[in-house]
Structures are given as structure tokens and as C-alpha cells.
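Accompanying notes for the structure given below.
Coordinate-derived values only; no laboratory data. Quick caveat: nothing in here was measured; it's all calculated off a predicted structure. Neighbour counts run over all protein chains shown; Cβ positions are idealised from the backbone, glycine included.
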Amino acid sequence: MDISLIIALAVALLGAIAVIVTMYRKLKKALGDLIKDGGWKKLFPIILNAIAEAEATGKTGAEKKEIVMAAVDSFASQMGIQYEVENLSKLIDEIVEISSKINIK
């Protein structure tokens, strides 16, 4: 293998790791701000699932976000989990941003 190719791959890998670590820290902070009582462990998978389902609808970004917010609100209400709507909105934006950086097409 050419040394320049190896270096380019190493730099790309380090860049990807840096992005993932940075986004993980942002998500961790957003989750901490979202739910103070530890209910995030139940809510986070629901958020991810709702985002995946909304992405599959082919609707606009705002419509997809409404779908996610409604799904999360419904689940949180059923489980008695309280959360800040504004923080949930920010968290959804962070997850979508991370997903778009990781899933480059």
C-alpha cells in the first residue's frame, strides 16, 4: 500500500472518531438537560425509534419533527416521564445532525 493512502485513511478515521466523541458529549449533555430523574433510559430508545420512523415517511423536516415530538410525548405521558419540550427539540436536532454526519451518502 502507498504510504499516502495509509496516512489519508488514518486522518479520516481520526476525524470520524473526533466527530463521534464530540457528538456523544453533546448528546449526553442534552439528555441530562432533558430529563433529570433518570427516565431518559426509557425515553432515549423511543426517541431514536420515532426518528427512524419519521425519516421513512418522506415528509419534510418540520413534519418529521412533529411526528417524533408527538410519539415521544405520547410515550412519556404513558410512563409518567416529565421532560422539557424545548430540550427535547434540541436533542432531536442533535441526533439528526449526528446521523447526517455519520451516514454520509
Nearest 20 debye, what's the magnitude of the dipole of the chain about its Cα centre given +1 on Lys and Arg Cβ and -1 on Asp and Glu Cβ? 260
Taking the Cα centre of the chain as the origin and placing charges on Cβ (Lys, Arg +1; Asp, Glu -1), which of Ala16, Ala76, Ile47 is farthest toward the positive end of the dipole? Ala16
Dipole magnitude of the range 65-105 about its Cα centre, charges +1 at Lys/Arg Cβ and -1 at Asp/Glu Cβ only, in debye to the nearest 20? 240
Would you mind pulling out the separation of the Cα centroids of the range 39-66 and the range 82-105, in Å? 9
